[in-house]
Amino acid sequence: MMVHDIWELEATERVLVAILPHQRDLELAREAGWYRVPLARLPSHFAAEYLAFYQPAIFGAERWTIRYYAPVLRYRIALRRELLPAEPQHPRAEERYYQIDIGPLATLPLPIPARRLRRVSFINTTIGQLRRAHDVADLFHPAEDAQPPDEIWGAGLAGHSLT
């Protein structure tokens, strides 16, 4: 699947911003083409057309930013030990996870910083909000892209459109 420039994508397409808790998670996303989410920690609005990735302090100079996004290809449920067979003794090895298969990572034209230290796990947003954001906090604002067109808002005025 070809990754399109973010400016070519529909503003209303849903994006789930997810944390990359370890460097290995970025490598898995980039090289293996997947990301995992424990079913026990599933966000309320999980389905999205794209994933974007928040990089915490562990990423050094690239910390506290969103730099990468990728299209979501499919979801499947797997045990953690199936996803990470090198860690069979992990305390959550028998827990169920969503494995989200993704297309190639793309880089945002400008990284979106978190100007204040923030604890981020998941943010539901849109491509339009991702394009407009100057700070991670901007992604928490109401979804302007989800607003109905003006003619639908105007329908409440006795069925007349606004001109």
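General remarks:
- Selected residue (only one of Leu110, Leu105 is of a type outside the set (Gly, Ala, Ser) and modelled with pLDDT under 95): Leu110
- For region 94-133, the set of residues classified as part of a loop (DSSP other than H, G, I, E, B), within 19 Å of Pro43 (Cβ to Cβ), open to solvent by 60 Å² or more (accessible area, probe 1.4 Å) and not small (Gly, Ala, Ser) consists of Glu95, Arg118, Arg119, listed by residue number.
- As a summary of the residue check, Ala32 satisfies the conditions (1) open to solvent by less than 50 Å² (accessible area, probe 1.4 Å); (2) at pLDDT 95 or above except for the one numbered (1).
- The residues of region 6-48 that are among the acidic types (Asp, Glu) and under 14 Å from Gln99 (Cα atoms) amount to a single one, Asp25.
- Hey, Val37 more than 16 Å from Gln129 (Cα to Cα), touching an Asp or Glu at 6+ places or on another chain (Cβ under 8 Å) and buried (at least 17 other Cβ atoms within 10 Å of the Cβ) or not: no
- Test result for Val136, β-branched (Val, Ile, Thr), under 20 Å from the mean Cα position of the chain (by Cα) and modelled with pLDDT under 90: no
- Candidates Glu8, Glu27, Glu49: the one that is open to solvent by 20 Å² or more (accessible area, probe 1.4 Å), acidic (Asp, Glu) and modelled with pLDDT of 95 or more is Glu27.
- Among the residues of region 93-123, those identified as in contact with a Pro (Cβ under 7 Å, 6 or more places away or on another chain) and not β-branched (Val, Ile, Thr) are Glu95, Tyr97, Gly103, Phe122.
- Matching residues, region 47-93, being of a type in the set (Asp, Glu), in a loop (DSSP other than H, G, I, E, B) and farther than 22 Å from Glu13 by Cβ: Glu87
- When restricted to residues that are in contact with an Asp or Glu (Cβ under 8 Å, 6 or more places away or on another chain) and either in a helix (DSSP H, G or I) or open to solvent by 50 Å² or more (accessible area, probe 1.4 Å) (or both), region 14-24 contains 1.
- Within region 52-93, the set of residues being of a type in the set (Gly, Ala, Ser), surrounded by 11 or more Cβ atoms within 10 Å (Cβ to Cβ) and either at pLDDT below 95 or farther than 19 Å from Arg119 by Cβ (or both) comprises Ala70, Ala78, Ala93.
The values are calculated or read from the model by the stated rules, or taken from the named source; none is laboratory data. Note that the structure is a prediction, hence the values are computed from the model and not measured. Every residue, glycine among them, receives a Cβ derived from its backbone with ideal geometry; neighbour counts consider all protein chains shown. Surface accessibility is based on the protein's heavy atoms, side chains included, excluding ligands, DNA and RNA. Shrake-Rupley method; radii C 1.70, N 1.55, O 1.52, S 1.80 Å.
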